[in-house]
Amino acid sequence: MSEPKRYIPLPIRVQLRKEAYFGCVECGNPILDYHHIIPWSEVRHNEPEHMLAVCPTHHREISKRPRNYAYDKKKNPFNASIGKFRGELVTDKARPSFIMGTNTFISTPNIFTYYTLPIIKYRIENDQSLLSVFIPDQHFWPEIEIVDNDIVANSSIFWDIEFSSNYLRFRKKEGETSLEIDLRGAAALVSGSLSIDGNRFRFSATKTNFGGAVIKNSTFENCGCGIGFGDNKYRLLRPNYAMRRPQRVMQRVKW
Ligand SMILES: [Zn+2]
């Protein structure tokens, strides 16, 4: 058998962040290091049962604590107690264009709406790109919700969440991307594959389909609304604590 490499293989990292519900075991921070509970200097290993996912700050701390403390944290990670993944998108500059699949949006804040319910919104304020996303489950409670770059997601339903401040990818199963947000290049990029109310929406570099409608290679500039799905006579209200289900209401006509 060959000697393990210091570089931790991807399947091990996926396993470690998944068992930690995609956050530091101590504080839930989504920026992760991978700690060897049995130190590398003692045994050269990448055995996940003797490793855990932890943020850089707590990495320094946890290595000074007894090993039993780390094994206990591994079994009871912070995000398991709250059931949520949390993070914040941070970018060094504003991206004037927003690309969803093969469609480009410029000065068009409402990128994608579903029965007038905003699903993806994008705006620039104080040279900051601000993204808001609402991905509902079948009862319209949020699976993923991003409000002006602040991310909250249901951590138990994802196979993997990759996060690095300006890059985010949610996957429900291996090889399929639910939602990918990339703020590293000149434009803000979003791709994904969603199901809302039984309607399928796919937007990637190769496939663009909005509930049966193919909208590709288009540029939307200075539009009030980019891509809208559903009859605009009706408005869809998200459920809240007072109402358990989403409601469709007649849209009030503005004169
Ligand atoms: Zn931490």
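State the percentage of accessible surface on the chain attributable to carbon and sulfur atoms; use a 1.4 Å probe and exclude ligands, DNA and RNA. After summing per-atom areas, the C and S share lands at 50 percent. Taking R0 as 22 Å, what's the FRET efficiency between Tyr69 and Arg6 from their Cβ-Cβ distance, rounded to 0.05? After rounding to 0.05, the efficiency reads 0.35. Over the chain, DSSP H runs of length four or greater, each weighted -39,500 (n - 2.57), average out per residue to a 222 nm ellipticity of -3000 deg cm²/dmol. When the chain is treated as a GNM with alpha-carbon contacts under 10 Å, the residue of Gly83, Gly230, Gly185 showing the greatest mean-square fluctuation is Gly185. Helix 10-19 and the longest principal axis of the C-alpha atoms of the chain enclose an angle of approximately 80°.
Gain on full extension, evaluated as 0.36 nm per residue between Asn199 and Val147 minus their Cα-Cα distance, stands at 16.4 nm. Average accessible surface for the chain: 55 Å² per residue, computed with a 1.4 Å probe over protein heavy atoms with every protein chain in place. Across 5 Å bins from the origin, how do the percents of Cα pairs in region 88-250 run, short distances first? Percent of Cα pairs in each bin: 2, 8, 18, 23, 21, 16, 8, 3, 0.
The values are calculated or read from the model by the stated rules, or taken from the named source; none is laboratory data. Note that this is a predicted model, so its numbers are computed, not measured. Heads up, the Cβs are rebuilt from the backbone with ideal geometry, glycines too, and the neighbour counts pull from every protein chain shown. Quick note on the areas: whole protein, heavy atoms, side chains included, nothing else; ligands and nucleic acids left out. Shrake-Rupley method; radii C 1.70, N 1.55, O 1.52, S 1.80 Å.
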